[in-house]
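A quick write-up on the structure given underneath.
The values are calculated or read from the model by the stated rules, or taken from the named source; none is laboratory data. What you see is a predicted model, and the numbers here were worked out from it, not measured in a lab. For neighbour counting, all protein chains shown are included, and Cβ atoms are generated from backbone atoms with ideal geometry for every residue, glycine included.
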Amino acid sequence: MNSVVTQRFINCHNKLKTDQRIRSSRQFALSLDYLPQSLSEILKNRRDVTIELLRKSIESYKLNPVYLFTGEGPMFMKEEGDKDFRVLTIVTDTQNDERIVHVPVPAQAGYATDLGNPVFVQNLPSYSLPDYKYKVGTHRSFDVAGDSMEPTLFEGDKVICSYLEPTLWEGAVKKNYVYIIVTQSDVMVKRIHNNIKDSNTLRLISDNKYYEPFDIKLSKIKEIWCVRAKLSPFLPSPLNIKNILRDEVNDLKDSMLQQATIIENLYKTIEGLANVKDK
């Protein structure tokens, strides 16, 4: 019944007991403000670990989220190697399923500068999508601002992204893929060249060639989100646009023909009056 993540959580719990970092499962549960009976059900493979229990375990016992969710790396984080590690604030529904938090343009400046405030994130709009791929992992969506990514993305588009754990940046950031980059003061959507191994930087590239590429140091980056999909406002299809233009041209042609007929009739009238006057 239990998931792979739950089994890895159990492995971490057992390791804590083996290393005598906890006295008992009961003490572990109480230290996390969790019911010992519920923890016992998890340890017996009768229920899955909750997101909230994972969050508290990561904060209190330094369980490595990369190990929990991917199976890679050590079970626990090293203090000296994870000084900048930050647990993401998430929003869940009544079934404890994680929702997609949306960051609109007016909130992006605050999002960049106030990441450590869980209340700020929890007050942002959130929603869910039926596709299963958005039920696994943490996802956020961001409004696209400006024209730097045209013609790929336009102002008003929304991009749905998956969170990229900082320990995976070096290997997981793929060349020419589009990402959301959150710095200490800004939220940007850019295409990326990964130069972490060579210079500990990322090159950010706009699809609009008017904007020059530039490099950013990894120390300036707070979050990286990989763009998975986009939501765009509905626009008429190219065929419909052609039909609209054709109708407008035809209307203009008819109007010009009508005016030409009127002018011709007016000319004939004037000519007739002139002939009568001469007689």
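Worth a mention:
- Filtering 207, 215 for residues that are part of a loop (DSSP other than H, G, I, E, B) and at pLDDT 95 or above leaves a single hit, 207.
- For the residues 179, 163, the requirement of being assigned to a strand (DSSP E or B) and crowded, with 20+ Cβ neighbours inside 10 Å singles out 179.
- Filtered residues of region 128-143 (kept if without any contact (Cβ under 8 Å) to a residue 60 or more places away in the chain and either part of a loop (DSSP other than H, G, I, E, B) or exposed (fewer than 12 other Cβ atoms within 10 Å of the Cβ) (or both)): 128, 129, 130, 131, 132, 135, 136, 138
- Of the helices (runs of 4 or more DSSP H) that lie entirely inside region 1-70, those containing 1 or more residues that are charged (D, E, K, R) and modelled with pLDDT of 90 or more span 4-18, 25-31, 36-43, 51-61.
- In region 101-116, residue nearest to the chain's Cα centre (by Cα) [restricted to those that are in a helix (DSSP H, G or I) and β-branched (Val, Ile, Thr)]: 105
- Single condition residue 119 does not satisfy, out of (1) surrounded by fewer than 13 Cβ atoms within 10 Å (Cβ to Cβ); (2) without any contact (Cβ under 8 Å) to a residue 24 or more places away in the chain; (3) in a loop (DSSP other than H, G, I, E, B): (3)
- Condition check for residue 88: at pLDDT 90 or above and surrounded by 14 or more Cβ atoms within 10 Å (Cβ to Cβ): no
- Selection over region 182-204 of residues that are assigned to a loop (DSSP other than H, G, I, E, B) and polar (S, T, N, Q) gives a count of 3.
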